[in-house]
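The values are calculated or read from the model by the stated rules, or taken from the named source; none is laboratory data. Note that the structure is a prediction, hence the values are computed from the model and not measured. In this analysis, Cβ positions are derived from the backbone assuming ideal geometry, glycine residues included, and neighbour counts consider all displayed protein chains.
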Amino acid sequence: MNAPAPKDERITLSAEEFDALAAIVHEVSGIVVSAGKSSMVHSRLWKRLRALGKSDYSSYIAHLRSPEGVEERRHLVSALTTNVTGFFRENHHFETLRDQVLPPLLARARAGGRVRLWSAGCSTGAEAYSMAITIAQTAPDFANYDIRILATDIDPLMVAHGKEARFDLNAVAGLSEDLRTQFLIPAENDFQIIPALRSLVQFRELNLHDAWPMSGGFDVIFCRNVVIYFTPEARMRLWTRFESKLAPGGWMFMGHSERIPDLTQTRLDPAGITAYRLRAEDAATKATQCL
Ligand SMILES: C[S@@+](CC[C@H](N)C(=O)[O-])C[C@H]1O[C@@H](n2cnc3c(N)ncnc32)[C@H](O)[C@@H]1O
């Protein structure tokens, strides 16, 4: 393995430049880069300056702010997002999915209905493929029905990773031998998800703070370990938007340290550990309004 390239000591990041970068990242992604992360920011970004032939941060920042900087703003966010994820991370959610959520949804699918799930802030795709594996385990005939998982992320590199569906040994270490045999194809240095599961998942680049182009509601939304990086106001705005995207009776799952602070302001009821469901009477009202 190659040793990491040494940092270019001639390039330094001043406090003002850090603040300017943090402001751009917040404006583009909603992510709050807290003070004290200056050396992390520098260690992740100096190679971008090199790639663009910039010798200091002030000209990099000017580029980011210019109309030509659109593409670089995507690289910036990509470099500074945290993409930690894993198969069956917070496994209790997948147990709830298997035992409570999927049975009625699969009955609907078998009767000709449509079932939609969304992994919002999907990172490498491990979360979306864990949803797909859970569906395949519960309904091995899933390919016959109108079931789809949408997986979205702001980071184009993560979206490309998800589409590619290749995972190294480390990433699949937590999967049992049985799951690996059923759902992964061993390749030279890694594993690829089997085509049947890949066709269940559609990956798209989407900034959660932008407009959402998807039509129709979702029966299940996973948005886990994403909003922790946003301000409390941005989080609350997102919970409200997710709620409006839930189909009647829909389920919302969030990360272990994420909570909706005031449920009275929502139409969601608690439904397990960091899991919520659209209130039944609201679901009924919504359904009537759709007739
Ligand atoms: C820590 S990972 C969580 C992945 C997965 N949900 C899980 O819990 O394992 C957070 C992901 O959110 C994405 N993200 C951050 N800000 C976002 C935004 N504004 N819109 C969409 N995705 C965002 C990051 O790119 C990253 O892949």
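Out of curiosity, is GLU177 assigned by TED's automatic domain parsing to the domain that holds ILE147, within 12 Å of the ligand (Cβ to nearest atom) and among the acidic types (Asp, Glu)? The answer is no for GLU177. In the condition set (1) buried (at least 19 other Cβ atoms within 10 Å of the Cβ); (2) under 17 Å from VAL101 (Cα atoms); (3) modelled with pLDDT under 95, THR266 is compliant with all but (2). Taken over segment 19-54, the residue count meeting the criterion of being without any contact (Cβ under 8 Å) to a residue 24 or more places away in the chain and either outside any helix (DSSP H, G or I) or in contact with a strand residue (DSSP E or B) (Cβ under 9 Å, 6 or more places away or on another chain) (or both) is 6. When THR82, THR134 are screened for being farther than 30 Å from ILE24 by Cβ and either charged (D, E, K, R) or touching a residue at least 12 places away in the same chain (Cβ under 8 Å) (or both), only THR134 passes. For the subset of segment 155-177 comprising residues that are of a type in the set (Gly, Ala, Ser) and in a helix (DSSP H, G or I), which member is surrounded by the fewest Cβ atoms within 10 Å (Cβ to Cβ)? Of everything passing the filter in segment 155-177, ALA160 is surrounded by the fewest Cβ atoms within 10 Å (Cβ to Cβ). Scanning segment 28-51 for residues that are exposed (fewer than 14 other Cβ atoms within 10 Å of the Cβ) and touching a helix residue (DSSP H, G or I) at 6+ places or on another chain (Cβ under 9 Å) yields SER34, ALA35, MET40, ALA51. Close Cβ contacts (under 9 Å, 6 or more residues apart or on different chains) running from residues in segment 148-165 that are closer than 21 Å to VAL220 by Cα and near the ligand (Cβ under 6 Å from one of its atoms) to residues that are among the β-branched types (Val, Ile, Thr) and in a helix (DSSP H, G or I) comprise ASP153/VAL159; ILE154/VAL28; ILE154/VAL77.
Assessment of segment 233-243 against the conditions (away from the ligand (no atom under 12 Å from the Cβ) and on the phi > 0 side of the Ramachandran plot) yields no matching residue. Here TRP118 passes the criteria (1) away from the ligand (no atom under 12 Å from the Cβ); (2) crowded, with 22+ Cβ neighbours inside 10 Å except the one numbered (1).
Looking at ALA196, ALA151, ALA211, just one residue is outside any loop (DSSP other than H, G, I, E, B) and under 29 Å from VAL25 (Cα atoms), and that residue is ALA151.
Scan segment 223-240 and give yes if some residue there is within 17 Å of the chain's Cα centre (by Cα), at pLDDT 95 or above, in a strand (DSSP E or B) and within 29 Å of ALA22 (Cβ to Cβ), otherwise no. Among the residues of segment 223-240, at least one is within 17 Å of the chain's Cα centre (by Cα), at pLDDT 95 or above, in a strand (DSSP E or B) and within 29 Å of ALA22 (Cβ to Cβ), which makes the answer yes.
Go through segment 87-108 and report how many residues are within 17 Å of ALA143 (Cα to Cα) and either within 16 Å of the ligand (Cβ to nearest atom) or surrounded by 21 or more Cβ atoms within 10 Å (Cβ to Cβ) (or both). Total meeting the criteria: 2. Residues in segment 241-283 that are part of a strand (DSSP E or B) and either over 19 Å from the mean Cα position of the chain (by Cα) or among the charged types (D, E, K, R) (or both): ALA247, PRO248, GLY249, LEU268, ASP269, PRO270, ARG277, LEU278. In segment 135-146, the count of residues that are within 16 Å of the ligand (Cβ to nearest atom), surrounded by 15 or more Cβ atoms within 10 Å (Cβ to Cβ), on the phi < 0 side of the Ramachandran plot and outside any helix (DSSP H, G or I) is zero.
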